[in-house]
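The values are calculated or read from the model by the stated rules, or taken from the named source; none is laboratory data. The shown structure was predicted, so the numbers you read here are calculated from the model rather than taken from an experiment. Here the Cβ positions follow ideal geometry from the backbone for every residue, glycine too, while neighbour counts run over all protein chains shown.
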Amino acid sequence: MSSWRDTTCGVVSADDVGRRMTLAGWVDTRRDHGGLVFIDLRDYSGKVQLVINPERAAEAAQTAHEVRNEFVLQAEGEVVRRAPEAVNPNIRTGEIEVQVDKLRILSHCDPLPFQIGEEVDELLRLRYRWLDLRSDRMQRNLRIQHTIVAAIRRQMDELDFVDVWTPSMTKGTPEGARDFLVPVRLQPGRFFALAQSPQLFKQLTMVGGLDRYYQIATCWRDEDLRADRQFEFRQLDFEMSFVDREDVLDVMERAVVASFEGVGRGVPPTPFPRLTYEEVIRRYGTDKPDLRYGLAIEDATEVTRDSQFGVFAGAPVVRYIVAPRAFSRAELARLEEIAKEWGAKGLAYLVNDGGEIRSPIAKFLSERELEAFRSEPGTTVLFAAAEEHVVSRVLGGLRAHLGRELALAENTPDAFHWVIDFPLFERDEDSGQWTFLHHPFTAAVSGDEDRLESDPGGVLGQHYDLVWNGWELGSGSIRIHRADVQQAVFRVMGMGEEEQRAKFGFLLDALRMGAPPHGGFAMGLDRFLALMAGEPDIRQVIAFPKVASGGDPLTGAPTPMPDSVLKELGIRSIVESDISSAGN
Ligand code: ASP
């Protein structure tokens, strides 16, 4: 037991009546009733009420008059029952209070920029994060993240995974983002890249015979910050040898289940549904649909082929969704705007409000068409007619918008699912060059390897994504374990022999020296934790996050560096910077 306290504030109970105790914590509130002073003393475990009576403890009363919110105190006294009318049945310490006879101020507190737990601007919360961390919200969130990480570690350990630390400072790892660079004093003009993921190292642990690797890995990606993105983030990263896709998905599902059990939340049923990429794009217009609600996209291309409505007849693809609401004219105008933002030229609709069908296009539609689009009263059929990818984008966008707007996901169970069978390559819109969808180390589905170079666009990859309630939690794949196949993929991406050697020579060498078949996965931990904690963004589950500008409001980083420091690193800044804040 520490000398500062016998126990924590929130656990003192009626069982302790009559005991002398030493407690320590923060002043949550202080009420001065002329003579008696009441202080709620708080720590992570809860609050306990202190009473200081000047007639019994004159010195303590004198001290009590000096204290302010968030002072740190040590109080000694006897646990007594509260008067019946003062009992608070809602908290564990509600039946008792502590009659204080000794009170010591361990630490003072300046006037607060905001009260603990007060809803204030997030920048202010982050500037004074040490205060914000004292709030119930942040205490809860950081403890949830601890519980979940601990549960995941136990689960991985049980499955014989070995926690291996891999370097942060490395060569670029192609995960589709920009690298953060680290200059090297010993080799001026040269840079390490901070690992965008441990991808190649984890593959090398498989070549190294580890069999099962995992890590709660920190990754760095230079991308714009968003609700679900920070420059640095953590992922549950793992890799396994001699496995197929289902083995990998099973491990990931177990880690999710262990996390849910860890926080005592109803476990989602496993195995999670597996949907193909082709299917989710066609049915939901996105590769990460929220499947807590239906609103699936239906096809109408065939039935509208000879339509009298020219827009339908002339479009390569016509599809629709049926929204569970008879929209007003104004609402439809708003939806049309949204559809246009997603690339539509207009928005055709049929409103069924229980009477006539309301629609400017109904008069052009045949009996057969109207029959095909018949919907329940109180619904609206919304159409998109264009090239397939535009139709998917528009209806996918409308579906997600309506899901939010009509609160379709409210009170529905969690929806986890896998997306599988992604294409291996896509065309880069700017260069027209084939590029990877995930990273270039993903294997083609069995049978497609031979077509890698002759028909890259038609090759499917053994890649899989995990989606929870419309959030992409992570990705993984079965990897290429043969150097010749890896080189074929590099060639499709336009990489010549020399560039392959310069960038990935070590990998090609390793793949030629007994590389076992292997595959793995990485789940974005912060996203998972935010969803587990019911938070709208990952900053709420990270102790010291950065903000959208790319800075850290607490320390003021990033800061400019003096020329002398840069020179030593072989760097000259071409940006005029305010050096006065350097090194702060
Ligand atoms: N390295 C990948 C990522 O960070 C995950 C994987 O393929 O295992 O997204």
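Among the residues of the range 88-139, write down those that are β-branched (Val, Ile, Thr) and farther than 21 Å from Gln74 by Cβ. Scanning the range 88-139 gives Ile91, Val120.
Taking every residue in the range 190-215 that is in contact (Cβ under 8 Å) with a residue 40 or more places away in the chain and pairing it with any residue that is within 9 Å of the ligand (Cβ to nearest atom) and assigned to a helix (DSSP H, G or I), at least 6 positions away or on another chain, the pairs with Cβ-Cβ distances below 8 Å are Tyr213/Lys202; Gln215/Lys202.
If you filter the range 402-424 down to residues that are hydrophobic (A, V, I, L, M, F, W, C) and within 16 Å of the ligand (Cβ to nearest atom), you find that the one that is farthest from Phe528 (Cα to Cα) is Leu424.
One residue stands out in the range 249-287 among those that are of a type in the set (D, E, K, R) and outside any helix (DSSP H, G or I): the one that is nearest to Gly396 (Cα to Cα), namely Asp287.
If the condition is being touching a Leu at 6+ places or on another chain (Cβ under 8 Å), part of a loop (DSSP other than H, G, I, E, B) and of a type in the set (Asp, Glu), then the range 443-494 contributes only Asp448. Of all residue pairs spaced 6 or more apart or on separate chains, those with beta-carbon atoms under 7 Å, a first member in the range 275-301 that is without any contact (Cβ under 8 Å) to a residue 24 or more places away in the chain and a second member that is in a loop (DSSP other than H, G, I, E, B) are Arg283/Ala296; Arg283/Ile297. Return the total of residues in the range 226-260 being surrounded by 16 or more Cβ atoms within 10 Å (Cβ to Cβ), away from the ligand (no atom under 16 Å from the Cβ) and at pLDDT below 95. So the count comes out to 0.
Just need a number here: residues in the range 167-214 that are under 19 Å from Leu511 (Cα atoms), within 12 Å of the ligand (Cβ to nearest atom), at pLDDT 95 or above and assigned to a loop (DSSP other than H, G, I, E, B). The qualifying residues number 1.
In the range 24-46, the residues that are under 15 Å from Gln115 (Cα atoms) reach residues that are hydroxyl-bearing (Ser, Thr, Tyr) and surrounded by fewer than 16 Cβ atoms within 10 Å (Cβ to Cβ) with C-beta atoms within less than 7 angstrom, at least six apart or across chains, in these pairs: Asp40/Thr29. Out of the residues in the range 129-142 that are free of Cβ contacts under 8 Å to residues at least 24 places away in the same chain and closer than 18 Å to Pro553 by Cβ, which is surrounded by the fewest Cβ atoms within 10 Å (Cβ to Cβ)? Taking the candidates together, the pick is Trp130.
In the set (1) within 14 Å of the ligand (Cβ to nearest atom); (2) touching a residue at least 60 places away in the same chain (Cβ under 8 Å); (3) surrounded by 19 or more Cβ atoms within 10 Å (Cβ to Cβ), the condition left unmet by Trp468 is number (1).
In the range 218-252, the qualifying residues are those that are of a type in the set (Val, Ile, Thr) and touching a residue at least 60 places away in the same chain (Cβ under 8 Å), and the one that is nearest to Gly514 (Cα to Cα) is Val243. Taken over the range 501-516, the residue count meeting the criterion of being free of Cβ contacts under 8 Å to residues at least 12 places away in the same chain and part of a loop (DSSP other than H, G, I, E, B) is 0.
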